[in-house]
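Undergrad: Provided herewith is a single structure, encoded as structure tokens, for subsequent inquiry.
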Amino acid sequence: MFDILTAILIAGLTTGALYALATVGLSLVWGSMGMLNMAHAAMLTLGGYSAFTLCTVLGLPVIVGFAGAIVIGAVAGGLLYVLIVRNLLKTDKATFEANVMIATVGIGIALENAILLTYGGQPLKQPISATGSFVLGPVSLPFQNMLIVLVVIALMAVIALLLGKTRMGRAIRATAQNREAAQLMGVAVNSVYFQVLVLSGAIAGICGVMVSSMTQLSPPLGNDPMLKAFIMCVVAGLGNLPGAVAAAFGLALLEAFVQYVAGARWGFPTLLFVVIAVLIWRPAGLFGRVQIRRM
Amino acid sequence: MNKTSSSKGMSINARIDLLVSLLLIAAAIALPFMIDSRYVMGQIVLALFYATIASQWNLLFGFAGVFSLAQMAMFAFGGYATAMICFYFGWNVWAALLPGALSAVVFSLIVGLACLRLTGVYVALLTLAIAQTMYLLIVTDTECFTMVGSICRQFTGGAVGFARFGDLGTRALLKGQWLAGNYAIIATLFAVTMLVTYIIVKSPIGLAFRALKDNPGYAVARGVNRFQAQLLVFGISAFFTGLAGGFYAAHFQAIGPGILSMSQLMFIIAITVVGGVGTFWGPLVGTIVLVAADELMREAGEFRTLGLGLIIALSILLMPKGLVGRLGDLLSWLRHRNRAAASAITFQEKPATTGK
């Protein structure tokens, strides 16, 4: 009974950490610019594959691969802004929401397919992973899971500091609260958008490496975390970072539990029912504030 | 827009719509006599399905502003319901089509009750999650429901789906010409769907849908019930989509979970976006362009999906209102230029035409 419980707990916390990372990337972009990035999944995959290329194909050390995944993710985010988002921002807010979603859907498909064409569909092994486990009495903690949780905690701390303490973070938060007011106070909103997308791309790169180290590299790698991250964002209220992290861990634990009790195929449907129940009860999400919009 | 120009514009637009539909009907009747290739005919029938689904997604998103990503789920629900009624109860396909479509409506109303209290992207995310759940539950279904011979059948058909549950009866009736018969049936389905959509869009309730899309606050203040109106359009759209799903199952004599895949949904979205979101003829134009592009890219084989993704992104960037929207811009620009040439006072008119 005890080892079942710890197994569920370990699985839940690890996937929770991964979901939290995916969720933060999405939620950051939504919160500050009202953009739902459907290409996030493909950016995750891109991060995983860049680490593979650098370490396995080119034989560079693991740390370079990890850094490379971050850089390539950030570049992808930057390109997304320069090529797509910048041009769509000229339209008004309601059209922007829908248009940017459709455009990123297209980019996501194209990117995923480009990865499929470059690397092929067969699953590959992520070189950045740890083997072995830490045994403490009846409990055995795989190093891989510990690594993921530690990396995610460290990353969360960095993001929190970045948003809370730096000038850039203040600008991002000001833009998220009120775009026009921030602009009037002298915040260069466009460069904030650029920074947010670069940051979210970098997070996606790390997240892709972490997710693929748990499973394997395959072109549709990012889709499952992204779908779940969507659900977690919705539960927490889109754009709410601490809420998103809490929802990610809570729902991942629930998923691990349901998967153990009722079988793997019921994990996702259960999450969905929880989400629908939450949304009927609180349409703006658990932690979301009801927005009053002026017409 | 002031009142006189809008009423005058309506009548011109209505006349254009009438002319276009008459031409299309003539072309549709002439088509089977001009094409001998079975492959081309088959692709045209498939394109008609795409056009029907896209027109209903356009009604939902383009006219009523409900960003639902469960469109293929409604289609699959109608198709599956029709197939399952035939498979388990041995009904004739024609008798099962209406119950199939109605069950899609019931499904859509349940989904709508859960989702339509929300707005914008929340609706999109939740409907996407529901469609994915439906796909996962069907694909991972391994429990035996009935035994067919020595083969185990799952209740939902599992990853294989259903086959051999009956057809539209054209094979028995027309023998070698059955494909033309099916073409006639599906073309009629498309025409009826378009006609009903046109009536809805032009009716007072259609105006309410559009008002909710353009300015929700104002529409609600003028007494439009957002939840009821959107639930209604969700149900209407699901009826025709589900009906098309039933016909799809009957035409191919098979249905499987593949139609729920993301790429199918993307194709429908791409059709609507390229043709023009919120324009009546957009889905049809988009279908013609994208099915043709798809056939051309078939030569390029594996680059097909890549090309499709780029087409979606580029057309949103370069022509947010789609091909039909661009054409409309061109027409109004020409009309405006003619009027400007005719009258001496021109400087005040410019913003009025660019606004819509």
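Undergrad: Checking B:A221 against (1) touching a residue at least 60 places away in the same chain (Cβ under 8 Å); (2) within 14 Å of chain A (Cβ to nearest Cβ); (3) surrounded by fewer than 18 Cβ atoms within 10 Å (Cβ to Cβ), which single condition isn't satisfied?
TA: The single condition B:A221 does not satisfy is (1).
Undergrad: So, one more: For A:F96, only one of the following conditions fails: (1) within 14 Å of chain B (Cβ to nearest Cβ); (2) in a strand (DSSP E or B). What is its number?
TA: Among (1) within 14 Å of chain B (Cβ to nearest Cβ); (2) in a strand (DSSP E or B), the lone unmet condition for A:F96 is (2).
Listed here are the residues, each with its yes/no results for (1) of a type outside the set (S, T, N, Q); (2) buried (at least 22 other Cβ atoms within 10 Å of the Cβ); (3) closer than 20 Å to B:L98 by Cα; (4) touching a strand residue (DSSP E or B) at 6+ places or on another chain (Cβ under 6 Å).
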{"residue": "B:I185", "(1), (2), (3), (4)": "yes, no, yes, no"}
{"residue": "B:P216", "(1), (2), (3), (4)": "yes, no, no, no"}
{"residue": "B:N225", "(1), (2), (3), (4)": "no, no, no, no"}
{"residue": "B:Q228", "(1), (2), (3), (4)": "no, no, no, no"}
{"residue": "B:V233", "(1), (2), (3), (4)": "yes, yes, yes, no"}
{"residue": "B:A250", "(1), (2), (3), (4)": "yes, yes, yes, no"}
{"residue": "B:G258", "(1), (2), (3), (4)": "yes, no, no, no"}
{"residue": "B:I271", "(1), (2), (3), (4)": "yes, yes, no, no"}
{"residue": "B:W281", "(1), (2), (3), (4)": "yes, yes, no, no"}
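Undergrad: From the list B:Y39, B:Y88, B:Y122, which residue is under 25 Å from B:V291 (Cβ atoms) and among the aromatic types (F, W, Y)? Let's see the steps before the verdict.
TA: Working: B:Y88 fails: under 25 Å from B:V291 (Cβ atoms); B:Y122 fails: under 25 Å from B:V291 (Cβ atoms).
Within the list B:Y39, B:Y88, B:Y122, the selection yields B:Y39.
Undergrad: Give segment A:233-267 a look and list any residue that's buried (at least 17 other Cβ atoms within 10 Å of the Cβ) and among the charged types (D, E, K, R), or say none.
TA: Of everything in segment A:233-267, just one residue is buried (at least 17 other Cβ atoms within 10 Å of the Cβ) and among the charged types (D, E, K, R), namely A:E255.
Undergrad: Residues of segment B:271-318 being under 30 Å from B:V192 (Cβ atoms) and within 11 Å of chain A (Cβ to nearest Cβ), which ones? Don't jump to the end; show me each part of the working.
TA: Kept after step one, since they are under 30 Å from B:V192 (Cβ atoms), are these residues of segment B:271-318: B:271-295, B:308, B:311-312, B:315.
Selection gives B:T272, B:V273, B:V274, B:V277, B:G278, B:L308, B:I311, B:I312, B:S315.
Undergrad: Here are the criteria: (1) surrounded by 19 or more Cβ atoms within 10 Å (Cβ to Cβ); (2) closer than 18 Å to B:L116 by Cα; (3) modelled with pLDDT under 80. Tell me which single one A:F230 does not satisfy.
TA: (3)
Undergrad: To continue, here is another question. Quickly run through segment A:99-129 and pick out the residues that are of a type in the set (A, V, I, L, M, F, W, C), more than 7 Å from chain B (Cβ to nearest Cβ) and crowded, with 20+ Cβ neighbours inside 10 Å.
TA: Initially, segment A:99-129 is screened for residues of a type in the set (A, V, I, L, M, F, W, C), giving A:100-103, A:105, A:107, A:109-111, A:114-117, A:124, A:128.
Add one more test, that the residue is more than 7 Å from chain B (Cβ to nearest Cβ), and what stays is A:100, A:111, A:115-116, A:124, A:128.
Answer for segment A:99-129, where residues must be of a type in the set (A, V, I, L, M, F, W, C), more than 7 Å from chain B (Cβ to nearest Cβ) and crowded, with 20+ Cβ neighbours inside 10 Å: A:V100, A:L111, A:I115, A:I128.
Undergrad: Right, another one. Applying the selection to segment B:203-227, what residues are assigned to a loop (DSSP other than H, G, I, E, B) and modelled with pLDDT under 85? Don't jump to the end; show me each part of the working.
TA: Residues of segment B:203-227 that are assigned to a loop (DSSP other than H, G, I, E, B), as a first pass: B:203, B:215, B:222-225.
Within segment B:203-227, B:N215, B:R222, B:G223, B:V224, B:N225 qualify.
Undergrad: List every residue pair whose Cβ atoms sit under 9 Å apart, with the two residues 6 or more apart in sequence or on different chains, where the first one lies in segment A:63-76 and is in contact (Cβ under 8 Å) with a residue 24 or more places away in the chain and the second, anywhere, is not in a helix (DSSP H, G or I).
TA: So the pair list comes out as A:G65/A:L58; A:G65/A:P127; A:G65/A:I128; A:F66/A:I128; A:A69/A:I128; A:A76/A:A39.
Undergrad: Name the residue, out of B:L118, B:L173, that is within 14 Å of another protein chain (Cβ to nearest Cβ) and among the hydrophobic types (A, V, I, L, M, F, W, C). Can you show your working first?
TA: Details: B:L173 fails: within 14 Å of another protein chain (Cβ to nearest Cβ).
Going through B:L118, B:L173 in turn, the sole match is B:L118.
Undergrad: State all residues of segment B:176-218 that are closer than 23 Å to B:L118 by Cβ and more than 14 Å from every other protein chain (Cβ to nearest Cβ); if no residue qualifies, say none.
TA: First, pick out the residues of segment B:176-218 that are closer than 23 Å to B:L118 by Cβ: B:205-206, B:208-218.
Once the filter is applied, which keeps residues that are closer than 23 Å to B:L118 by Cβ and more than 14 Å from every other protein chain (Cβ to nearest Cβ), segment B:176-218 yields B:I205, B:G206, B:A208, B:F209.
Undergrad: Conditions: (1) closer than 30 Å to B:N215 by Cα; (2) in contact with a strand residue (DSSP E or B) (Cβ under 6 Å, 6 or more places away or on another chain). B:A83 meets all but one. Number of the miss?
TA: Every condition holds for B:A83 apart from (1).
Undergrad: Report yes if B:L323 is touching a residue at least 24 places away in the same chain (Cβ under 8 Å), under 17 Å from the mean Cα position of the chain (by Cα), under 25 Å from B:I259 (Cβ atoms) and not assigned by TED's automatic domain parsing to the domain that holds B:L212, otherwise no. I'd like the intermediate steps shown before the answer.
TA: Values: touching a residue at least 24 places away in the same chain (Cβ under 8 Å): yes; under 17 Å from the mean Cα position of the chain (by Cα): yes; under 25 Å from B:I259 (Cβ atoms): no; not assigned by TED's automatic domain parsing to the domain that holds B:L212: yes.
Spelling it out, it is not the case that B:L323 is touching a residue at least 24 places away in the same chain (Cβ under 8 Å), under 17 Å from the mean Cα position of the chain (by Cα), under 25 Å from B:I259 (Cβ atoms) and not assigned by TED's automatic domain parsing to the domain that holds B:L212.
So that you can scan it fast, the table gives a plain yes or no per residue for (1) crowded, with 24+ Cβ neighbours inside 10 Å; (2) under 16 Å from A:T104 (Cβ atoms); (3) in contact (Cβ under 8 Å) with a residue 24 or more places away in the chain:
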| site | (1), (2), (3) |
| --- | --- |
| A:S32 | yes, yes, yes |
| A:T45 | yes, yes, yes |
| A:T53 | no, no, no |
| A:T56 | no, no, yes |
| A:P61 | no, no, no |
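Undergrad: Take residues that are closer than 24 Å to B:Q132 by Cα and tell me which of the helices (runs of 4 or more DSSP H) falling wholly in segment A:175-286 contain 1 or more. Outline the logic, then answer.
TA: Working: elements: A:179-184, A:189-214, A:223-236, A:241-262, A:267-281.
Because the criterion is at least 1 residues that are closer than 24 Å to B:Q132 by Cα, the helices (runs of 4 or more DSSP H) in segment A:175-286 that meet it are A:189-214, A:223-236, A:241-262, A:267-281.
Undergrad: Out of all the residues in segment A:133-165, which are over 21 Å from A:G25 (Cβ atoms) and among the β-branched types (V, I, T)?
TA: Passing the criteria: A:V135, A:V139.
The values are calculated or read from the model by the stated rules, or taken from the named source; none is laboratory data. Only a predicted model underlies this, so the values are computations on that prediction, with no experimental measurement involved. Cβ: placed from backbone, ideal geometry, glycine included. Neighbour counts: every protein chain shown.
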